[in-house]
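Here the structure comes first, spelled out in structure tokens, and everything after it is commentary.
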Amino acid sequence: MPWVRNLRRFVGSGAGLGSEALMELETKRILLEIFKERQQKEAGSIPSFYKKKPEEGSISHRVQRLAKYRFLKKQSELLLNADDLDAMWVCLRENCVIDDATGAEKSILDLVEIRCLAVPMNYEDFCHIASVCTEQIGPKCRRFFSPSNFMKFEKDESGRIAILPFYLYVMRTVSLTQARIDMSELDEDSDGFLQPHEMEAYIRGLIPNLAQLRDMPQAFVQMYCRIAAHKFFFFCDPHRRGKACIKKVLLSNCLQELMELHQESEEEVTDTEQAENWFSLTSAQRICDMFLALDKDTNGTLSKQELKEYADGTLTEIFIERVFDEHVRRSKVGGGNSREMDFESFLDFVLALENKDTPEGLTYLFRSLDLQGRGYLTTADIHTLFRDVHQKWIEGGNYELCIEDVRDEIWDMVKPADPLRITLSDLLSCKQGGTIASMLIDVRGFWAHDNRENLLQEEEEPVEE
């Protein structure tokens, strides 16, 4: 062979022999030549940062869709179905050894008792159950019984894990994987992101399977999907690009909150509890009724004057002005400077006020509090913002208070890194950003802070029947 002859000639000539230092230099020289050669080849070409998507109906587009369909179908076939999960639960219950501490057979415990008593299994049980499940269900359940999965769970003094947390882990993994497959099927351009209409389609497909939404009037379905999808984009699309990353959606609390509507509640759920879940039918109807009540001229948008009536008019005028400056686009109809808040902007407004303690809600509010747009608040900004709250406070018949004292209290609550300014990161770090924002924009929020000790005492007192 040519390369063998060349190698023998090279070694036999003695050119390849020498000290380690000479060999190291020769290696560096060869690698440098290869690097320069590649650089010269790539010097005349600019790397591609954008690939044009295939045209609708083209062969490449059809091939891409077919490949995506087959891949998702294959992934779906690898998932455990409801029968498989039931079979796994039976295997977990029936194949645990006798507990030496109690002498009781774990297999006789039913589901209710297991929820009260975490039945443990050691690694030998774990491997045995893996073999039994593989025989009964198939190889698709084998990946859940890996050593790394066993090490993820909390262990007792004997190195055993409880079967219930493991089973819940399997159920959650299957549920999230199924959700990702469903979302990927709706991702038309296969970029890993969902656009608003795609997210609405996903939610619309879930409604028949959500026990608390089955009785939704058909005429309200479209509006409900619009309201529900908006929360995903508020929390998963912070830069307002109009698309939410599927991975981020799966890991968000929003999806978990939506899935809470899956289970039928045995006990009667109060209106207050339903309203706390943004995705409940009660909450969605509340948002619509609120918008319609504020829209006095029924033009489908809210003016500054109309928005001032939100929350019984407890929000300050300067805050409303700043919300329109920062978060409401100028209207294309009418005067060039006219601003009207549409329903989408109203949903952002409500989500921010109802989630003031979250980074997303606090970021929305901070932009409105930052009067000069400098990225921080000064003592003058705090004084200006609280002046309107103070005015409403006095008009409500409350005692006189000193604005400077409140300003100093806010500074003590935040403890900013720079003693002369408060930034968004300072508000997030102090863990009281939502309370401080409420004090500066809402007289009711300041009243709740001023009476926090009395309110806490009322919550702790037992309710007399």
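The values are calculated or read from the model by the stated rules, or taken from the named source; none is laboratory data. All values reported here derive from a predicted model rather than from experimental measurement. FYI the Cβ positions are ideal-geometry reconstructions off the backbone, even for glycines, and counts take in every protein chain you see. Accessible surface areas use protein heavy atoms only, side chains included; no ligands, DNA or RNA. Shrake-Rupley method; radii C 1.70, N 1.55, O 1.52, S 1.80 Å.
At-a-glance table
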read-out: J(HN,Hα) series, the stretch 433-445, from Karplus relation 6.51 cos²θ - 1.76 cosθ + 1.60, nearest Hz, glycine and proline x; value: x, x, 5, 5, 4, 4, 5, 8, 10, 9, 5, 5, x
read-out: Dipole magnitude of the stretch 187-294 about its Cα centre (Cβ charges: Lys, Arg +1; Asp, Glu -1), debye to nearest 20; value: 580 debye
read-out: Whether the stretch 301-459 is rounded, prolate or oblate, judged on the alpha carbon gyration tensor where a/c under 1.5 counts as rounded; value: prolate
read-out: Calculated FRET efficiency for the pair H197/R143, C-beta based, R₀ 45 Å, to 0.05; value: 0.85
read-out: Separation of the E135 and N398 label points, Cα + 7 Å toward Cβ, nm; value: 7.1 nm
read-out: Length added when fully stretched, Q64-M290, from 0.36 nm per residue minus Cα-Cα; value: 76.9 nm
read-out: R0 of 56 Å, Cβ-Cβ distance H383-V221: FRET efficiency to nearest 0.05; value: 0.70
read-out: Potential lengthening between R5 and E77 on full extension [0.36 nm per residue; Cα-Cα distance subtracted]; value: 20.5 nm
read-out: Solvent-accessible surface ranking, highest first, for S58, S148 at 1.4 angstrom; value: S148, S58
read-out: Rg to Rh, two decimals, where the stretch 187-294 supplies the alpha carbon set and Rh follows Kirkwood; value: 0.97
read-out: Inter-centroid distance (Cα atoms) of the stretch 407-450 relative to the stretch 227-247, Å; value: 27 Å
read-out: Student exercise, the stretch 301-459 dipole from Lys, Arg, Asp, Glu Cβ charges, in Debye to nearest 20; value: 640 debye
read-out: Full-extension gain in nm, E321 to N299, via 0.36 nm per residue minus C-alpha separation; value: 5.9 nm
read-out: Solvent-accessible surface (1.4 angstrom probe) belonging to E453, in square angstrom, nearest 10; value: 140 Å²
read-out: Local electrostatic count at G205 - Lys and Arg +1, Asp and Glu -1, tallied over other residues with Cβ under 13 Å; value: -3
read-out: Of all accessible heavy-atom area on the stretch 301-459, the percent that carbon and sulfur account for (1.4 Å); value: 46 percent
read-out: Portion, in percent, of the accessible area of the stretch 187-294 that falls on carbon or sulfur, probe 1.4 Å; value: 48 percent
read-out: Accessible-area order (highest first, 1.4 angstrom probe) of the listed residues I422, I403; value: I403, I422
read-out: For the stretch 293-425, with +1 on Lys and Arg beta carbons and -1 on Asp and Glu, the positive-most of G373, L302, G397 along the dipole; value: G373
read-out: Whole-number accessible area per residue in Å² for the stretch 187-294, which is evaluated in the context of all protein chains at 1.4 Å; value: 54 Å²
